[in-house]
1. Identify the single condition in (1) more than 14 Å from ligand 1 (Cβ to nearest atom); (2) over 24 Å from Glu204 (Cβ atoms); (3) of a type outside the set (A, V, I, L, M, F, W, C); (4) touching a strand residue (DSSP E or B) at 6+ places or on another chain (Cβ under 9 Å) that Asn65 does not satisfy, given that it satisfies every other one.
2. Quick one: which of Ser324, Ser363, Ser356, Ser332 is at pLDDT below 90, under 30 Å from Thr90 (Cα atoms) and touching an Asp or Glu at 6+ places or on another chain (Cβ under 9 Å)?
3. Of (1) away from ligand 1 (no atom under 16 Å from the Cβ); (2) in contact with a Gly (Cβ under 8 Å, 6 or more places away or on another chain), Arg51 satisfies all except one. Which?
4. Across segment 109-131, what is the total count of residues that are more than 11 Å from ligand 1 (Cβ to nearest atom) and part of a loop (DSSP other than H, G, I, E, B)?
5. Consider only pairs whose beta carbons are under 8 Å apart and that are at least six residues apart or on different chains; among these, list those whose first residue lies in segment 265-283 and is of a type in the set (Asp, Glu) and whose second residue is outside any helix (DSSP H, G or I).
6. What residue, of Leu343, Leu307, Leu302, Leu314, is within 12 Å of ligand 1 (Cβ to nearest atom) and at pLDDT 95 or above?
7. State whether one or more residues within segment 109-130 are surrounded by 21 or more Cβ atoms within 10 Å (Cβ to Cβ), of a type in the set (Asp, Glu), at negative phi and away from ligand 2 (no atom under 16 Å from the Cβ).
8. What do you reckon, is Ile96 within 17 Å of Glu321 (Cβ to Cβ), touching a residue at least 24 places away in the same chain (Cβ under 8 Å) and within 16 Å of ligand 1 (Cβ to nearest atom)?
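The values are calculated or read from the model by the stated rules, or taken from the named source; none is laboratory data. Values in this document were obtained by computation on a predicted structure and should not be read as measured data. With ideal geometry, Cβ positions are generated from the backbone for all residues, glycine too; neighbour counts draw on all protein chains shown.
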Amino acid sequence: MTLPFLDPELGHIQKKISDGHRLDVEDGLKLYNSPDLLGVARLAHGVRTQRHGKQAYYIINQHLNYTNICKNQCRFCAYARKEKEPGGFTLTFGQIEENLMARRHEPIREIHIVGGLNPALSLDYYLKLVKTVHKIRPDAMIKAFTPVEIDCLAHEAKTTIEDIISQLKQAGLGMLPGGGAEVMSERVRQELFPKKISGERWLEIMAAVHDAGIRSNATMLYGHIETLEERLTHLIKLRTLQDKTDGFVAFIPLSFHSKNTKLAYLPPTTAYDDLKTIAIARLLLDNIPHIKAYWVMIGEKLAQIALSFGADDLDGTIVEEKISHMAGATSSKGLTRRQLVRLIEQAGFTAVERDSLYQPVISDVVI
Ligand code: V47
Ligand code: SF4
């Protein structure tokens, strides 16, 4: 016997799911507006459990931010600097090697590389960057560059995105991270990131990446000036592309951090909104296998609870993350494998160490 929901709307949504119907923006609004947080969790947890059972994933990974000089100047970004502005940096290949060598004894499976749009960097820099990382970490997945960087490279090198993707792939690029789309709304883009590529262009580039046999993640930046409808439309746009390409591996909601940005007057997202957003993503994105509770943004403790709200992954050890910490994130700089496993196991799940494509891996090095 299944217990009824406090909110009868959730019973209707449960029936829709069990009858194999897809949820739409209207259902998403009912979920967001429902006073029954635990009822929404129950729905999302049911879907998550059907897909992944008790398993909850983590990865041993490293972030590499190669430059923070960026010509886009998005209003929500605390990371970027203008050319010649104090605090700007661009890593030399020597520094890149040093960063990677500092963690050479760890069984790192993935190097996550993103940076700003620095007009001083040519395609040669990007190709050498990927080759340098590949040389030092031949077994790790190089998950690098968002469609924003790919678009910029194609313009600068006066070539097609297909050509850029192919050259990067040849150099060792294995996957793309999910950033850059923010929230796919032209209204929000005009207000917050008018110089960045449009949502349509982001989707077009992701489609080309997937067509080239490279998989990617997808994200959504929420908790700034977007409406709930805009969030839900963003999710549906991702779902529509996924129907065509099946190239997205994981979806990661990114809660906006306003410190040191032009939107510093905005309050942080609440735990309620973070958990609802994760659960609703799980329910609407019926064709994306994994939902990540990115502990860096929402904190380790809430990420642990999110495993019972539809998420099945905590991301990884990271060690040094700049984008959200420069915007005031108070989470740790990095977590050890032991800490990640403890978070997962104490929440009643089975911890599974994975690679970037969610294949389980076993490594016996203690970190
Ligand atoms: O696109 C920028 C976001 C993204 C802020 O694919 C901010 O596994 C919050 O995409 N507050 C880059 N967010 C990070 C990203 C990512 C992170 C973790 C895992 C993966 C993955 C991808 O960071 C940007 C933007 O949406 N961002 N500024 C800020 N102030
Ligand atoms: Fe540049 Fe990315 Fe920051 Fe926008 S979010 S200013 S594109 S680094």
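1. Among (1) more than 14 Å from ligand 1 (Cβ to nearest atom); (2) over 24 Å from Glu204 (Cβ atoms); (3) of a type outside the set (A, V, I, L, M, F, W, C); (4) touching a strand residue (DSSP E or B) at 6+ places or on another chain (Cβ under 9 Å), the lone unmet condition for Asn65 is (1).
2. On the way: Ser324 fails: touching an Asp or Glu at 6+ places or on another chain (Cβ under 9 Å); Ser363 fails: under 30 Å from Thr90 (Cα atoms); Ser356 fails: at pLDDT below 90.
Only one candidate qualifies: Ser332.
3. (2) is the only condition that Arg51 fails.
4. Of the residues in segment 109-131, 7 are more than 11 Å from ligand 1 (Cβ to nearest atom) and part of a loop (DSSP other than H, G, I, E, B).
5. If the second residue must be outside any helix (DSSP H, G or I), the pairs left are Asp273/Tyr222; Asp273/Gly223; Asp273/Ser255; Asp274/Pro253; Asp274/Ser255.
6. Details: Leu343 fails: within 12 Å of ligand 1 (Cβ to nearest atom); Leu307 fails: within 12 Å of ligand 1 (Cβ to nearest atom); Leu302 fails: within 12 Å of ligand 1 (Cβ to nearest atom).
Checking each option against the conditions leaves just Leu314.
7. Among the residues of segment 109-130, at least one is surrounded by 21 or more Cβ atoms within 10 Å (Cβ to Cβ), of a type in the set (Asp, Glu), at negative phi and away from ligand 2 (no atom under 16 Å from the Cβ), which makes the answer yes.
8. On the way: within 17 Å of Glu321 (Cβ to Cβ): yes; touching a residue at least 24 places away in the same chain (Cβ under 8 Å): yes; within 16 Å of ligand 1 (Cβ to nearest atom): no.
So Ile96 fails the test.
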